[in-house]
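Working notes, beginning with the structure itself.
The values are calculated or read from the model by the stated rules, or taken from the named source; none is laboratory data. Since this is a predicted model, take the numbers as computed values, not measurements. Please note: Cβ atoms are built from the backbone with ideal geometry, for glycine as well, and neighbour counts cover all protein chains shown. All accessible areas refer to the heavy atoms of the entire protein, side chains included, with ligands and DNA or RNA removed. Shrake-Rupley method; radii C 1.70, N 1.55, O 1.52, S 1.80 Å.
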Amino acid sequence: MSYDVVVGVDTSEASGRAVRLACQLQSTELVGPVLLVHVVPWSPFSFATPEENERRHIERQKEIQAAESQVLDPMLQIAHTSGGRADTAVRHGDPVEVLEDIAREESARLLIIGRTGDTGLRQRLFGGLPAHLVQSAPVPVVVVP
Amino acid sequence: MIGLVPLQDAGGSIDERIQETLGPIADRVTSIVFYGVTVGGVEVRLIVVWLIAAALFFTLYFGFLNVRGFTHALDLVRGRYSNPQDAGEVSHFQALATAVSGTVGLGNIAGVAVAIAIGGPGATFWMAFAGFLGMSSKMAECTLGVKFRKENPDGSVSGGPMYYLSRGLAEQGKPGLGRTLAIMFAIFCIGGALGGGNMFQANQATQQIVNVTGGADSPLDDLRWLVGLVFAIAVGAVIIGGIKSIARVTEKLVPAMAVVYVTACLAVIVGNATLVPSAFVEIFAGAFAADAAVGGVLGVLIVGFQRAAFSNEAGIGSAAIAHSAVRTKQPATEGHVALLEPFIDTIVICTMTALTIVISGAWDDPDAPDLGGVSLTSRAFESVLPWFPTVLAVAVVLFAFSTMISWSYYGMKATRYLAGDSPAAENVFKLVFCVFVVIGASLALGPVIGISDSMIFLMAIPNVLGLYLLARVVKQEIMQYRAKVGSGEIVRTK
């Protein structure tokens, strides 16, 4: 099944608003299935100790479980209370790249994200996730304040 | 426990007493492991022949996969064949980086200097050549490391020679032999972890700290055990205390220091670009027409081979432990990636150090053979970059520290294998490891090099024997993988 709308979510309130917007669009029948994605930041080019490598598989499972229970379940709840239906996915990687890849794979019509997260120096130096996505995403991006 | 001993007494300082007690033991062990036969007036150490023969065998047996598989190895590290579903697992890059930070250490800085001080510039050539051959034995052992690794009930993985020797040979109908070799390997691995992976590192890091704080006049010169104690506390904080932040910081600083180090080498080399051709002439001439003082060509070759083996650990089996954590369905992928390790370690970094030493002419100083180790490398840099010894001291300390952390892990895995996952045995090993940091810091370079080399090379006996017995298994594994890549069954994802 392919998804019309991909929503990138974290624990923020803006993410909740992004999910609500997706559900509102769904209720108008302008768009079909919605996928809520949480990306665990990870790079294949980081450095790790031997112990970390040995336990990486277990840690990854834990990260996925934590993402499901702490991020995706609450977001799914918001979707349900807004009268929407959505599926969920957890991925590891660079948030911008992963969201773009999923949008492309699913031939999504829309990518929705909350405007949150980085503040101050970090925001100024790296531009933040929304700015990156707006610049390079293959599909229209909606940034929810 | 060292602190309970009075600092000074009639028998001399702590350093001297440690020296007196352990020096003769070190000499004895060294003379057994490095048993040599005299061929044409040169003493040929059998253990070095053993390693080089294996590296040469696998280079020929694999049909020079160290050359043919090189670009594929780079593609694997860049993640071009990684399954997107495996994102978040240990990547090829991470497994390689972890293994490299265990091998790139003082062998690259101090070991090269020792080789050139003893064997002249020609030792460089043989060192690089040994590194080239070593790529093949590394490929064999890391493929096996992944193929026969054990997934523990909790989802963590254990791999390395202990497992391919016991499980691999059991599959061949030789469970008794496999188990014996695995136990031998594990015992020697604990020795290697305490020797080359610990004492040598602590020794040279301490030496460099003493050097930059005033050499023989340094207040720390008589207090080497104290420097060792500080190291031991830092190591203990990571391996016993489980303070991951220290390990993480080191893991990030080490690659940065490696870049700084290579840049400094390049600065010396480029700054003396006119001397580079003559340095190469010295290296090649020395390799094939060495003077009789070091035992002729064979003598230089042995020196070069020995330092290369110590530096890149190909055939030793240690790296197979680190590489086996990777997530892959094809063990041969990690074998390919592993062949980059001797390339980075020996052909690139050791050669850089060697060129720096040869170009600066520091190796030709009358006191070079006595100076040896890091001190000689430090002098070579100082001639061009006067402030560099301080930076080098920082690099040496970090390299030493990360190598100690890696080797403590190897030793711990060996202990765990022997003691059947007993946490008590593991803790005893960790404690002993910390004590050996202090001992290594206090001893003179000679006995430390002897005992370090001995222990590390002993690991090669069961490991290489196992590699020969499993040679057909590895070759099949690698060839079926390459066939799948060739036929397009395994495709690039990026």
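Grab the beta carbon distance between B:TYR61 and B:GLN172, set R0 = 22 Å, and tell me the FRET efficiency rounded to 0.05.
0.80
What FRET efficiency would be calculated for the residue pair B:ALA483, B:ARG80, taking the C-beta separation as r and a Förster radius of 30 Å, to the nearest 0.05? Before the final figure, lay out the partial values.
Working: r = 19 Å, r/R0 = 0.62.
FRET efficiency, B:ALA483 to B:ARG80: 0.95.
Mind checking the mean number of beta-carbon atoms from other chains within 10 Å of the Cβ atoms in B:91-101?
4
State to the nearest 20 debye the size of the charge dipole of chain B about its Cα centre, where the only charges are +1 on K and R beta carbons and -1 on D and E beta carbons.
Computed charge dipole of chain B: roughly 2100 debye.
Nothing charged except the Cβ atoms of Lys and Arg (+1) and of Asp and Glu (-1): what's the magnitude of the dipole of the range B:65-185 about its Cα centre? Round to the nearest 20 debye. Please list the in-between numbers first.
On the way: 10 positive and 7 negative charges, 56 e Å.
Here the range B:65-185 has a charge dipole of around 260 debye.
Kindly rank B:52-64, B:131-143 from highest to lowest mean number of other beta carbons found within 10 Å of each residue. Intermediate results must be reported in sequence, preceding the final value.
On the way: B:52-64: 19.4, B:131-143: 30.5.
So the peptides B:52-64, B:131-143, ranked by packing, come out B:131-143, B:52-64.
Starting from the Cα of B:LYS329, draw a straight line to each of the lysines and keep only those under 30 Å, dropping any in the same chain fewer than 8 residues away.
Partners found: A:LYS62, B:LYS138, B:LYS147, B:LYS150, B:LYS174, B:LYS244, B:LYS252, B:LYS413, B:LYS475, B:LYS484, B:LYS494.
Between the range B:217-285 and the range B:46-77, what is the C-alpha centre distance in whole Å?
First find each Cα centre; the distance between them is then 28 Å.
Around B:LYS150, which amide H atoms from residues at least 5 apart in sequence, or from another chain, sit under 5 Å from its own amide H, with H modelled in the peptide plane?
B:SER158, B:GLY159
Cut-off 13 Å, label point 7 angstrom out along Cα-to-Cβ of B:VAL260: give me the residues of the range B:366-409 whose amide nitrogen falls inside.
Only B:387-400 pass the distance filter.
Along each of the three principal axes of the Cα atoms of chain A, give the extent in whole Å, ordering the values from largest to smallest.
Principal extents (Cα only, largest first): 52, 32, 27 Å.
Based on alpha-carbon centroids, what's the gap between the range B:465-494 and the range B:173-214 in Å, whole number please?
Answer, in whole Å: 31.
With Kirkwood's inverse mean 1/r over C-alpha pairs for Rh, give me the Rg to Rh ratio of the protein assembly as shown, two decimals please.
1.03
Which whole-number value in Å³ per residue fits the convex hull of the alpha carbons of the range B:323-415?
132 Å³
What order do B:LYS252, B:LYS494 take when sorted by accessible area (1.4 Å probe), most exposed first?
Putting B:LYS252, B:LYS494 in descending order of accessible area: B:LYS494, B:LYS252.
Only sites in a loop by DSSP and with at most 14 other Cβ atoms within 10 Å count here; which GluC sites (Glu not before Pro) in the range A:1-76 make the cut?
Filter output for the range A:1-76: A:GLU29.
Viscosity 1.306 mPa s, temperature 10 °C: give me the Stokes-Einstein translational D for chain B in µm²/s, with Rh taken as the Kirkwood radius over C-alpha pairs.
Details: Rh = 22.7 Å.
Stokes-Einstein gives a translational diffusion coefficient of 70 µm²/s.
For the range B:93-223, max minus min Cα coordinate along each principal axis, in Å, sorted largest first?
60, 36, 31
Hey, if you put +1 on the Cβ of every Lys and Arg and -1 on every Asp and Glu Cβ in the range B:192-326, which of B:GLY317, B:ALA267, B:ALA216 ends up farthest toward the positive end of that dipole?
B:GLY317
Please state the relative contact order of chain B as a whole percent: Cα pairs under 8 Å, 6+ residues apart? Let's see the in-between values first.
On the way: 853 pairs, mean separation 172.7, N = 494.
Contact order relative to length: 35 percent.
Please list, in order along the range A:99-110, the HN-Hα scalar couplings obtained from phi with the Karplus expression 6.51 cos²θ - 1.76 cosθ + 1.60 (θ = phi - 60°), rounded to whole Hz, x for Gly and Pro.
Values per residue, Gly and Pro as x: 4, 5, 4, 5, 4, 5, 4, 8, 6, 5, 9, 8 Hz.
According to the Kirkwood expression over distinct Cα-Cα pairs, how big is the hydrodynamic radius of the range B:362-494, in Å? Mind dumping the intermediate values first?
Values: mean 1/r = 0.0514 Å⁻¹.
Radius from the Kirkwood sum: 19.5 Å.
What 222 nm value per residue comes from the helices of chain A, counting each DSSP H run with n ≥ 4 as -39,500 (n - 2.57) and dividing by all residues, nearest 500 deg cm²/dmol?
The helix contribution divided over chain A gives -14500 deg cm²/dmol.
Could you run the numbers on buried accessible area between B and A, total for both chains, 1.4 angstrom probe, in Å² to the nearest 100? Can you show the working numbers first?
Details: alone 19130 and 8690 Å², together 25470 Å².
Approximately 2300 Å² gets buried when B meets A.
Relative to the Cα centre, what is the charge dipole magnitude of the range B:324-417, using +1 at the beta carbon of each Lys and Arg, -1 at the beta carbon of each Asp and Glu, and rounding to the nearest 20 debye?
About 720 debye.
As an exercise, use a Förster radius of 51 Å and the Cβ-Cβ distance of A:SER107 and B:ARG68 to find the FRET efficiency, rounded to the nearest 0.05.
On the way: r = 40 Å, r/R0 = 0.79.
Rounded to the nearest 0.05, the efficiency is 0.80.
If you find the alpha carbon centre of the range A:31-58 and of the range B:109-131, how far apart are they in angstrom?
That distance is 42 Å.
Rank A:PRO41, A:ALA18, A:ILE64 by how far each Cα sits towards the positive end of the charge dipole of the range A:1-112 (+1 on Lys, Arg Cβ; -1 on Asp, Glu Cβ) and give me just the farthest.
Of the candidates, A:ALA18 comes out farthest on the positive side.
Among B:VAL428, B:TYR61, B:ALA117, whose Cα projects farthest towards the positive end of the dipole of the protein assembly as shown, with charges put on the beta-carbon of Lys, Arg (+1) and Asp, Glu (-1)?
B:TYR61
Please list, in chain and number order, the residues 5+ apart from A:VAL40 or on another chain whose amide H is under 5 Å from its amide H, with Hs placed from the backbone.
Long-range HN contacts for A:VAL40: A:ARG91, A:HIS92, A:GLY93.
In a shell of Cβ-Cβ distance under 10 Å around B:ALA338, excluding B:ALA338 itself, what net charge do Lys and Arg (+1) and Asp and Glu (-1) give? Could you put the intermediate results ahead of the total?
On the way: positive: B:LYS138; negative: B:GLU141, B:GLU334, B:GLU341.
Combined, the nearby Lys, Arg, Asp and Glu give -2.
Could you order B:PHE399, B:PHE129 by accessible surface area, starting with the largest, using a probe radius of 1.4 Å?
B:PHE129, B:PHE399
Treat the range B:251-404 as a sphere of radius equal to its Kirkwood radius over Cα pairs and apply Stokes-Einstein at 20 °C in a medium of 1.002 mPa s; give the translational diffusion coefficient in µm²/s, rounded to a whole number.
For these conditions, the coefficient is 124 µm²/s.
Quick one: which residues, 5+ away or cross-chain, put their amide H under 5 Å from the amide H of A:ILE112? H built at 1.01 Å from N.
For A:ILE112, whose amide H was placed from the backbone, the distant partners under 5 Å are A:VAL6, A:VAL7, A:GLY8, A:VAL142.
Restricting to DSSP H runs of at least four residues, report the calculated mean residue ellipticity at 222 nm for chain B, -39500 (n - 2.57) per run over all residues, nearest 500 deg cm²/dmol.
-22000 deg cm²/dmol
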